[in-house]
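Notes follow the structure.
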Amino acid sequence: MDNLITFNRGNKFFTHRQINSLLFFRDLKKKKINVPSWSIKKPKTNGWLIKNLRSFGGKGVREIGKNIKITKFEYYQKIIDGEHISIQFYSEDKRMKILSICDQSFYKRKNKPYLIESILSRKLDLKTLKKIQEICNQLMKEYNLNGMNNLDIVLENTSKIIYVIELNARPGLSTNFLSKKYKDLYKDNFLKIIEKKNNENNFFYGTKIIYSNKNIIINKKKFKFIKSLSNSRSYSELPVLNDTIGIHEPICLIHSKSKKIEILRENLKKMSYKIYNELN
């Protein structure tokens, strides 16, 4: 029961409304935190995208077309060329700790160029890490953040300037491997507990969304394969019997870890092939 109570503890509805509005970007600029240029009017130059304030995981990001108009909750955002990075941090009693830093990669889907496909944990140089810690602390104080938070940034290729893309004040795709890395993640006083422990390790973690290449119906034969995966902690969000999965829709999540990033990538590749070979 204690774990259930703690798991449901998070940021207030008002906080989500604050950060899921254009006021969020105005607030950050006042704090001298870099954000991409944005507009509610269609830009006259190339290099912009349409984003939806109410979506996450890149689902609401689309390309600008000739006859496309934005909706009530959409706006235009300038593209920043650089490394797409997500930061998972935990806030509690006005204290903050970064739990992981991950590279983001995207699923190649027409008109949805930033649909998230995978995250792989990585290391950063101390200078960049310090800047990110400062940004996370500012965000925590500004919005009184509580519990798990996910920050998406772009590290610009040339200048190495950090641009904040969005803040999701809730658990995200990293939840699976964070619960493995931090065994006390859902306990009360989590930050105080881990301060007394050495939670650092030499593992790289990765989670990948497997998207379908065609329409799939989970018949008895396919479900038998699914059941063979269900006892492994390397798979989650598995479909059930008679599920219908449309083209480009998620099939499941796969998870892996390794002390070498190259091996981690290879593991995820092999696991992906296994799913596609059996279901697609």
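The values are calculated or read from the model by the stated rules, or taken from the named source; none is laboratory data. Worth saying up front: this structure is predicted, and the values here are computed from it rather than measured. Note that each Cβ is placed from the backbone with ideal geometry, even for glycine, and that neighbours are counted across all protein chains shown. When the accessible area is computed, the model is the full protein with side chains, heavy atoms only, and any ligands, DNA or RNA have been set aside. Shrake-Rupley method; radii C 1.70, N 1.55, O 1.52, S 1.80 Å.
Heavy atoms of the protein chains alone define the surface here; on that basis the chain has 59 Å² accessible area per residue at 1.4 Å probe size. Applied to the stretch 100-114, the Karplus parametrisation 6.51 cos²θ - 1.76 cosθ + 1.60 on θ = phi - 60° returns per-residue 3J(HN,Hα) values of 6, 10, 10, 6, 9, 10, 10, 7, 7, 10, 4, 6, 10, x, 10 Hz, with x for Gly and Pro. What does the C-alpha gyration tensor say about the overall shape of the stretch 18-120? Classify as rounded when a/c is under 1.5, otherwise prolate if a/b is larger than b/c, or oblate. Verdict is oblate for the stretch 18-120. Between residue 78 and residue 131, the simple label model (points 7 Å from Cα in the Cβ direction) yields a spacing of 1.7 nm.
Computed 3J(HN,Hα) for the stretch 237-245, one whole-Hz value per residue from the Karplus formula 6.51 cos²θ - 1.76 cosθ + 1.60 where θ = phi - 60°, is 6, 6, x, 10, 4, 6, 4, 10, 10, glycine and proline marked x.
A simple rule links phi to the HN-Hα coupling: the Karplus curve 6.51 cos²θ - 1.76 cosθ + 1.60 with θ = phi - 60°, which for the stretch 36-41 gives x, 4, 9, 7, 9, 9 Hz, with x for Gly and Pro.
Apply 1/(1 + (r/R0)^6) to the Cβ-Cβ distance of residue 201 and residue 42, taking R0 = 45 Å, and write down the FRET efficiency to the nearest 0.05. In this case the efficiency is close to 0.40.
As a calculated quantity, the FRET efficiency between residue 227 and residue 273 at R0 = 22 Å, using C-beta atoms, amounts to about 0.65. Here is the list for the stretch 9-59: trypsin sites (Lys or Arg not before Pro) lying in DSSP coil, each with at most 10 other C-beta atoms within 10 angstrom of its C-beta, are 32, 41, 44. Of all lysines in the structure, those lying under 18 Å Cα to Cα from residue 59, and not within fewer than 8 positions of it along the same chain, are 51, 69, 72, 78, 108, 110, 112, 208. For the chain, the square roots of the Cα gyration tensor eigenvalues, ordered a ≥ b ≥ c, give a/c of at least 1.5 with a/b no greater than b/c, which places it in the oblate category. Surface composition of the chain: carbon and sulfur make up 51 percent of the accessible area, probe 1.4 Å. In percent, rounded to a whole number, the relative contact order of the chain is 16, using alpha-carbon pairs under 8 Å and six or more apart.
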